[in-house]
Every structure is written in C-alpha cells, then in structure tokens.
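Asks: Quick one: the structure is below, and I'll ask about it shortly.
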Amino acid sequence: EYKPVDAAIGFNIRPYSSLLINIHAGYALELDKHVNVFQQIPGNSFGMFEHELMNAGCLRVGANLHFHYRDIVNMNIGGNYFIHQKMSTPFPMLPYVYDTPSWRVDIRIDGKINEKWSLYSDNHLMGGINVCYQTSTITNDYPNVVAYHAEELRPMFDLNLGVKYRVDKWLAVYAQLNNYLAWTPKMHYYTYYGSEAMGANCMLGLAYSF
C-alpha cells in the first residue's frame, strides 16, 4: 500500500494558555490497499483470510484538543470523520471501502497524584467499519458456488485504565486494565470479520527510560 497523494491543512486555536485546539482536513489517495477477505470453509464455522488489493480515496476532517493543568493533568482528545471513495476493487458488486473506519475518537488522560504515583486512561473508539467475506456453497449441480458479502462490524470501544509508580527518574512500574468493558461476550467486538478482539485483561510491566 502506498499513498502518492496525502495532503492536509489545519489551523490552531488557543483560547486559553492551557488549551490548544487543532482543526484539520485532508485527502489521501491509497493505491494497492490491502483488504482482508474472510473465506469460510464449507461445512465449518471457521475459515481463513485472503488478501486482495483495491484503490481508494479518503477525505478526512477532524479536530484535536489538548489541555493541561500545570504538571498535574494532561488530556488529549482527537476525533476524525472519514469519507471513503472506491476507485477500483476486486469486488465491483460491493459498494464499500473495507477495513477502514468511518469515524474514530482517541482519548488520553494522565493525572499525577504525587511525585511517585500517577493514573492514566487510554481509550480508542471507532465505528463504521465495513468488512468483506466469502462463502462457498457445494451442490450436486454446482460443486463450488462462491459469493462475496459485505457487513458492518459493531463499533469498537477499547477502554483502558492504568496506574504507574515511579521508582526513580529512570524506572517505573505499572499495572494496566485493558478493554475493561469486554468482561462478557456481549461486549466483545471484532477487529476483522471472524477475528474477535481479546476481552478484558490485565497487564503488569516495567518502563525504563534513558
């Protein structure tokens, strides 16, 4: 995949010294964009992915907000809306550009409790993702009838919480609760057709900076 055209324009507004707002728009031409096509194996509930190529254009508009209060709170919110244009595709009968969201919101908030402890929330939301999948039907008259289908995935709400303890200026220990809304299968979502995202999970780690 490559983009011979990827142009953007924007401007900043600073209504307060602690608040910066960026409004932007852009257009990208994507050639040989990879599309994941799920191929269901006849008679089974599982399958495999095949990669196809397509050309598409994408117009995007969005805004970013950055707020900080001293060195205690930092907040970044970014949102984008995408308008996709199909140019050439191996699926002429299907109208969409695939594996790309129509909207996306990213929210990151960091809060310092004291010099040692801090909390953070890292969240990613997106929706309007159309996917393509293939089915095969075996009959006596036609041994393998292949059909392509399009489907919109349910919106993705990937919400994460973390706490960090700074041992010294070089080393920090952290614990993170990932995708905490997905405690039950009802709240699970798919990143691709047939590929379910990991449910709620915990992560412990060390961060070393130099």
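Asks: For the stretch 174-182, indicate whether the set of residues that are within 22 Å of the chain's Cα centre (by Cα), open to solvent by less than 40 Å² (accessible area, probe 1.4 Å), of a type in the set (Phe, Trp, Tyr) and modelled with pLDDT of 90 or more is non-empty.
Replies: No.
Asks: Could you count how many residues in the stretch 53-97 are under 30 Å from LEU20 (Cα atoms) and among the hydroxyl-bearing types (Ser, Thr, Tyr)?
Replies: Of the residues in that region, 2 qualify.
Asks: For the list (1) farther than 26 Å from MET75 by Cα; (2) in contact (Cβ under 8 Å) with a residue 24 or more places away in the chain; (3) aliphatic (A, V, I, L, M), I need the number of the one condition that VAL105 fails.
Replies: The failed condition is (1).
Asks: Now for a separate question. Can you pull out the residues in the stretch 151-173 that are in a loop (DSSP other than H, G, I, E, B) and buried (at least 16 other Cβ atoms within 10 Å of the Cβ)?
Replies: Passing the criteria: only LEU153.
Asks: Something else now. Would you check which residues across the stretch 193-210 are more than 12 Å from VAL173 (Cβ to Cβ) and open to solvent by 90 Å² or more (accessible area, probe 1.4 Å) and list them?
Replies: Of everything in the stretch 193-210, those that are more than 12 Å from VAL173 (Cβ to Cβ) and open to solvent by 90 Å² or more (accessible area, probe 1.4 Å) turn out to be GLU196, MET198, CYS202, PHE210.
Asks: Also, I was wondering about something else. Any chance you could count how many residues in the stretch 85-106 are modelled with pLDDT of 75 or more, assigned to a loop (DSSP other than H, G, I, E, B) and open to solvent by 60 Å² or more (accessible area, probe 1.4 Å)?
Replies: 1
Asks: Further question: In the stretch 13-25, is there at least one residue being open to solvent by less than 70 Å² (accessible area, probe 1.4 Å), out of contact with any Lys or Arg (no Cβ under 7 Å at 6 or more places or on another chain) and within 24 Å of GLU152 (Cβ to Cβ)?
Replies: No; the residues of the stretch 13-25 include none that is open to solvent by less than 70 Å² (accessible area, probe 1.4 Å), out of contact with any Lys or Arg (no Cβ under 7 Å at 6 or more places or on another chain) and within 24 Å of GLU152 (Cβ to Cβ).
The values are calculated or read from the model by the stated rules, or taken from the named source; none is laboratory data. For clarity, every value in this text was computed on a predicted model and none was experimentally measured. Positions of Cβ are generated from backbone atoms using ideal geometry, with glycine treated the same way; all protein chains shown enter the neighbour counts. These area figures cover heavy atoms from the full protein model, side chains too; ligands, DNA and RNA do not enter into them. Shrake-Rupley method; radii C 1.70, N 1.55, O 1.52, S 1.80 Å.
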